[in-house]
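All remarks here apply to the structure that follows.
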Amino acid sequence: MFYENSAWKKHKSCGTSSLLPMTPKNPQQWLQVVGHAGSFHVGDYGTLLKRFCEGERQCYLKLMEDTLRPFVPAYYGVVQRDEQDYNMMDNLLTHFNTPAIMDCKMGSRTYQEEELLMAQERPQPRKDMYEKMVTVDPEAPTDQERAQQAVLKTRYMQWRETLSSTATLGFRIEGFRKANEECHTNFKRTKSREQVTEALGNFVESNTHIVWGYLRRLKQLRQELETSNFFKTHEVVGSSLLFVHDWNGRTGIWMIDFGKTVALPAPLTLDHRTPWVEGNREDGYLWGLDNLIDILANMLPLT
């Protein structure tokens, strides 16, 4: 997800989302690193306009009244531009000087239970998903799938999560961009703790001061998540943590992307650590956060 100005550009080596500064000379010019191009515009007075989603609006309205408010962008309501509605929020990069930025998608799955249910109710073999599967792993399809040259959406959704650290650690790196414009988005097969540690070390460039800053913030976030009323009453799927640091040593982490986050039917609550089985709605968010904190802590020198 995140951040740009009116002149949209895309770096050839990047995917399409989290917007990043292009050059130190023009800190207001952003690039997307992961997500959907065209979903964002820079607003006035340090704000960001994100294409309207009613579910996300509802989440932000609740979060503005929750103990998690310091860990999400401040939300200012709905505005219209060129006949398109946008959710207006803080541009989190405003107070950083040529920042490095990373998007980590949290949780042990990135699809909602209702998405899985809908796909099960209308099972339709998908040739496009088969092609995506064999592009990543030619050995992945079963003999039957290979004969049909198609896979069911439910099978594809669950297979896709096993490729990355989503399934093994409860989070995955979507992409990052360093202050020097070096862009990394090829993390679909980054799965082991060692691979994730190496990628995080590359992002922070082995700067222990930055790691300490991130670690403090993540521990504060975990403490608030464990008592947040919003968090225990919502299935938080497809949401990311946005990591930002700059050469001044400033660090920040915020929860972003609530388009797939849904309220649970009362009186159901989640602990976000219990392993997911179909029907329990657990998303593994805190399990992933525990692992992320542990990995960063192990990157620090023993003292």
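Here are the numbers:
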| read-out | value |
| --- | --- |
| Single residue of THR303, THR227 found to be modelled with pLDDT of 95 or more, polar (S, T, N, Q) and farther than 26 Å from PHE96 by Cβ | THR227 |
| Of all residues in the stretch 140-184 being part of a loop (DSSP other than H, G, I, E, B) and closer than 14 Å to ALA100 by Cβ, the one that is modelled with the highest pLDDT | LYS178 |
| Selection from the stretch 206-219 of residues that are part of a helix (DSSP H, G or I), out of contact with any strand residue (DSSP E or B) (no Cβ under 6 Å at 6 or more places or on another chain) and either aliphatic (A, V, I, L, M) or without any contact (Cβ under 8 Å) to a residue 60 or more places away in the chain (or both) | HIS209, VAL211, LEU215, ARG216, LEU218 |
| The stretch 118-147, residues that are exposed (fewer than 15 other Cβ atoms within 10 Å of the Cβ) and either of a type in the set (S, T, N, Q) or in contact with a Lys or Arg (Cβ under 6 Å, 6 or more places away or on another chain) (or both) | GLN120, GLN124, THR135, THR142, GLN144 |
| Those residues of the stretch 221-240 which are out of contact with any helix residue (DSSP H, G or I) (no Cβ under 8 Å at 6 or more places or on another chain) and touching a residue at least 60 places away in the same chain (Cβ under 8 Å), in sequence order | THR227, SER228, ASN229, VAL237, GLY238, SER240 |
| Enumeration of residues in the stretch 77-101 that are closer than 24 Å to LYS62 by Cα and either touching a helix residue (DSSP H, G or I) at 6+ places or on another chain (Cβ under 9 Å) or among the aliphatic types (A, V, I, L, M) (or both) | GLY77, VAL78, VAL79, ASN87, MET88, MET89, LEU92, LEU93 |
| Only one of LYS232, LYS188, LYS219 that is surrounded by fewer than 17 Cβ atoms within 10 Å (Cβ to Cβ) and modelled with pLDDT under 95 | LYS188 |
| Criterion: under 17 Å from the mean Cα position of the chain (by Cα) and surrounded by 13 or more Cβ atoms within 10 Å (Cβ to Cβ) - qualifying residue of THR274, THR269, THR251, THR261 | THR261 |
| Any chance ASP44 is in contact with a helix residue (DSSP H, G or I) (Cβ under 6 Å, 6 or more places away or on another chain), at pLDDT 85 or above and outside any strand (DSSP E or B) | no |
| The one condition in (1) at pLDDT 90 or above; (2) open to solvent by 10 Å² or more (accessible area, probe 1.4 Å) that ILE101 fails to fulfil | (2) |
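The values are calculated or read from the model by the stated rules, or taken from the named source; none is laboratory data. Please read all numbers here as calculations on a predicted model, not as lab measurements. Here Cβ is always computed from backbone atoms with ideal geometry, including for glycine, and neighbour counts include all displayed protein chains. Side chains included, ligands, DNA and RNA excluded: accessible areas come from the protein's heavy atoms. Shrake-Rupley method; radii C 1.70, N 1.55, O 1.52, S 1.80 Å.
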